[in-house]
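Okay, structure first, notes after.
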Amino acid sequence: MHHHGYLWTGPKERFDDEALRRPPHPDPPPAGSRPELIERYRQVAAEFSTSDLPPLETAYWLVKPRSSVRGTWDEAKEAAAWLGERLAEYAPRFASESDRNTARLARLVNAAAGQLHAGADVSYGYYLERPSHLSLAVVTCSPNRAIPELACPVA
């Protein structure tokens, strides 16, 4: 078992486009569907796995471009340490003052280490100023517990 780290920051409006953050339905719209529905399905089918947008389900980071992987670790503690470093880096920009609390962030990192050690994924999101959004995730591979059929992007 190993872990991959992912980080995304960007405009809140782009993050809020949830259709592009979901995998396309396995069946396309039936013939005769409204043209805008067919076009939206085509867009999602073409862009979901190539887009850098954070998926709604953490495990789906595994289908994103390999260039999205920010780090790979064999040990859960190392992956959690990376999360802690990123949280410390971005905390001054968190929109909510309570999210900047260092004791709270330390508890999140400790909890993440335990979850990752148990084979679970970890995902955190924060609104930043401007408004922007920060998405941090560590996904467990070999196999992923939530969606075992997803291939690992980096072995």
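The values are calculated or read from the model by the stated rules, or taken from the named source; none is laboratory data. Being a predicted model, the structure only gives us computed values, none of them experimental. Backbone-built Cβ (ideal geometry, glycine too); neighbour counts: all protein chains shown. Heavy atoms of the whole protein, side chains included, go into the accessibility calculation; ligands, DNA and RNA do not. Shrake-Rupley method; radii C 1.70, N 1.55, O 1.52, S 1.80 Å.
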Practice problem: For segment 8-72, state the semi-axes of the equivalent ellipsoid (square roots of 5 times the eigenvalues of the alpha-carbon gyration tensor), sorted largest first and rounded to whole angstrom. | Solution: 25, 13, 9
Quiz prompt | Per-residue ³J(HN,Hα) for segment 136-150, Karplus 6.51 cos²θ - 1.76 cosθ + 1.60, θ = phi - 60°, Hz, x for Gly and Pro | solution = 10, 8, 10, 10, 8, 10, 6, x, 6, 5, 6, 9, x, 6, 6
Self-check item: Inter-probe distance in nm under a simple model that places probes 7 Å from Cα toward Cβ, at R66 and C152
Solution: 1.4 nm
Quiz item: Distance from the Cα centre of segment 22-60 to that of segment 111-151, in angstrom?
Solution: 22 Å
Quiz item: Taking the Cβ-Cβ separation of Q43 and E13 as r and a Förster radius of 22 Å, what is the calculated FRET efficiency to the nearest 0.05?
Solution: 0.85
Practice problem: Pick out, in residue order, every one of the GluC sites (Glu not before Pro) in segment 78-155 that is DSSP loop and has at most 16 other C-beta atoms within 10 Å; say none if there are none. | Solution: E129, E149
Exercise. Could you list the residues of segment 1-44 with an amide nitrogen less than 18 Å from a label point located 7 Å from the Cα of S142 in the Cα-to-C-beta direction?
Key: 1-6
Quiz item: Residue by residue, what Karplus-based ³J(HN,Hα) values in Hz, rounded to whole numbers, does segment 57-70 have, using 6.51, -1.76 and 1.60 with θ = phi - 60° and x for Gly and Pro?
Solution: 9, 3, 4, 5, 4, 5, 9, 6, x, 4, 5, 6, 6, 9
Quiz item: How many nm separate the modelled label positions at A111 and E36, each set 7 Å beyond the Cα in the direction of the Cβ?
Solution: 4.0 nm
Exercise. For segment 1-142, with all protein chains present and a 1.4 Å probe, just round the carbon and sulfur fraction of the accessible area to a whole percent.
Key: 51 percent
Practice problem: When a/c is below 1.5 the answer is rounded, else prolate if a/b is larger than b/c, else oblate, so apply that to segment 94-155 with a ≥ b ≥ c taken from the square roots of the Cα gyration tensor eigenvalues. | Solution: oblate
Self-check item: Stokes-Einstein D in µm²/s, Kirkwood radius over Cα pairs - the chain at 4 °C with 1.567 mPa s viscosity
Solution: 78 µm²/s
Quiz item: Could you give the dipole magnitude of segment 1-47 about its Cα centre, charging the beta-carbon of Lys and Arg +1 and that of Asp and Glu -1, in debye to the nearest 20?
Solution: 60 debye
